[in-house]
Amino acid sequence: MKLPSRRCRSLLLFMIISHFIQSPAGAAEPSLPPKAPVRILFVGNSFTYYNGGLETHVRELANSANPPRLLETERATQGGATLRILYGKEAVLARIREGHFDVVVLQEDIPELTEHAMEPFFQYARLFNQEIRKSGARMVLFMAWPYERLNWVSLPEIIQAHQAAARELQVPVAPVGTALATSLELKPGLAMLGPDKEHETRAGTYLAASVIYATLFQENPEGFSYCPEGIAREEITHLQKVAWQTVQAWAAPAKP
């Protein structure tokens, strides 16, 4: 049987992802309020702190905007930690309560949930959201990705879980996992995950930072000058474009 061309496979993947990331009619995910965040805390595991930390790359992206955005960014992370583990860390909660942040970017690692069920994600996203709101900050969910080592959950299932959490908690989602899948299909020679097939390459981290930036500010990062060592300029252009298109598609209302 003749396999479909790469162009056809790319179109098929785009259609599948678009189906899952469009919000149901009348239940569009909220955007951040007009006031732009200045102080941002990143809470998560190694997906957040890998390759120098997303707090660094988002800050540098913002600094290369025109005009530049001056951000103060920090992280509270632990390798291999789920939200349940992070919520049990008094140091993490204290940083949220006392840090005077505008936004907390919260990253779950759904494949690490030992129950092989979504409920712990919802439970601890709710608890974190309560703490974050009480501190005067706003929460953004950083949606990660599935990987081979723990393969009980698929990307569409992770997407659906984050859609549901976003609707319930009225918070935005930075759809990083979707962007990584789209980039890999469009440009398969540019690896998004490293040799362990789990953690991001430098390009994957850059794409994650671009998606988070675009979600936070609802601003297109295309043309930003920030270009970390080890990523070619043409790759930066591709990653910025994928990030913006993914964020726009996520926020687009579903067709009736």
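Readers should treat all values here as calculations from the given coordinates under stated rules, not as data from a laboratory. The structure displayed is predicted, hence computed values, not measured ones. Glycine also receives a Cβ, built like all others from the backbone with ideal geometry; neighbour counts cover every protein chain displayed.
For this structure, a couple of remarks:
- Residues of segment 172-211 satisfying the condition of being free of Cβ contacts under 8 Å to residues at least 40 places away in the same chain and of a type in the set (Lys, Arg): none
- All positions within segment 192-248 that are within 26 Å of VAL153 (Cβ to Cβ), outside any helix (DSSP H, G or I) and among the β-branched types (Val, Ile, Thr): THR201
- Whenever a residue of segment 104-125 is surrounded by fewer than 19 Cβ atoms within 10 Å (Cβ to Cβ), its partners that are charged (D, E, K, R) and not in a loop (DSSP other than H, G, I, E, B), lying with C-beta atoms within less than 8 angstrom and at least six residues away or across chains, give the pairs PRO120/ARG84; PHE122/GLU168; GLN123/ARG84.
- Selection within segment 146-177: residues that are in contact with a strand residue (DSSP E or B) (Cβ under 8 Å, 6 or more places away or on another chain) and of a type outside the set (A, V, I, L, M). The member of this set that is nearest to VAL247 (Cα to Cα) is PRO172.
- Conditions (1) under 17 Å from the mean Cα position of the chain (by Cα); (2) small (Gly, Ala, Ser); (3) part of a loop (DSSP other than H, G, I, E, B); number of the one not met by GLY177: (3)
- Qualifying position, being free of Cβ contacts under 8 Å to residues at least 40 places away in the same chain and either crowded, with 22+ Cβ neighbours inside 10 Å or part of a loop (DSSP other than H, G, I, E, B) (or both), among GLU74, GLU55: GLU55
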